[in-house]
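A short write-up of the structure that comes next.
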């Protein structure tokens with residue numbers, strides 16, 4: 001990158017306008033050390049950057065960290081839809097599985113009746129379909145012997 005006649009070479013710096021400074025510092029630190037950063041309030045931003053810059057180990061670390069924080073409320077289907085969209089957009093399978101597991105069973109029928117979900121299905125049909133398939137899996141899954149909170153692949 002710095003051996004070509006580019007603006008980055010002339011200035012001696014690379015700009016990442018989409019990411020904030022602290023997120024990029026964590027990404028660069030990870031690239032040099034391969035140590036996953038401690039979970040923080042920036043974990044969501046780190047997952048997005050890891051997805052964007054094809055850093056699968058960092059992305060998986062962030063996905064698992066965020067999955068532990070997921071909590072589905074039966075009354076807040078709008079929040080569920082936002083979380084599903086985030087998880088499907090960035091292929092965050094741990095988050096998606098945690099959401100699906102918490103939403104499976106009798107809660108599934110409640111979700112499908114809500115206006116927020118119907119709007120989500122209309123605006124994001126593939127994401128809604130993917131999530132429903134995951135909920136179906138968790139509805140019929142035999143979880144015997146799987147420790148609570150175990151969503152690792």
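Any read-out appearing in this document is the output of simple, stated calculations on the displayed coordinates, not a laboratory observation. All figures in this text were calculated on a predicted structure; none of them were measured in a lab. Virtual Cβ from ideal backbone geometry, glycine too; neighbours counted across all protein chains shown.
Among 53, 90, a tally of other beta-carbon atoms within 10 Å of each Cβ gives an order, fewest to most, of 53, 90. With neighbours defined as other Cβ atoms within 10 Å of a residue's Cβ, the residues 109, 65, 36 order from fewest to most as 109, 36, 65. Once the Cβ-Cβ distance of residue 109 and residue 41 is raised to the sixth power relative to R0 = 25 Å, the FRET efficiency obtained is 0.10. The fewest-to-most ranking of 135, 24 by surrounding Cβ atoms within 10 Å reads 24, 135. If the segment from residue 10 to residue 28 were pulled out straight at 0.36 nm per residue, it would be longer than the present Cα-Cα gap by 4.4 nm. With contacts taken as Cα pairs under 8 Å and at least 6 residues apart, region 14-88 reaches a relative contact order of 22 percent. Tell me, how many Å apart are the Cα centres for region 102-128 and for region 15-56? If we compute the Cα centre of each part, the gap is 31 Å. Each Cα pair under 8 Å and six or more residues apart adds its separation to the average, and for region 85-136 the resulting relative contact order is 44 percent.
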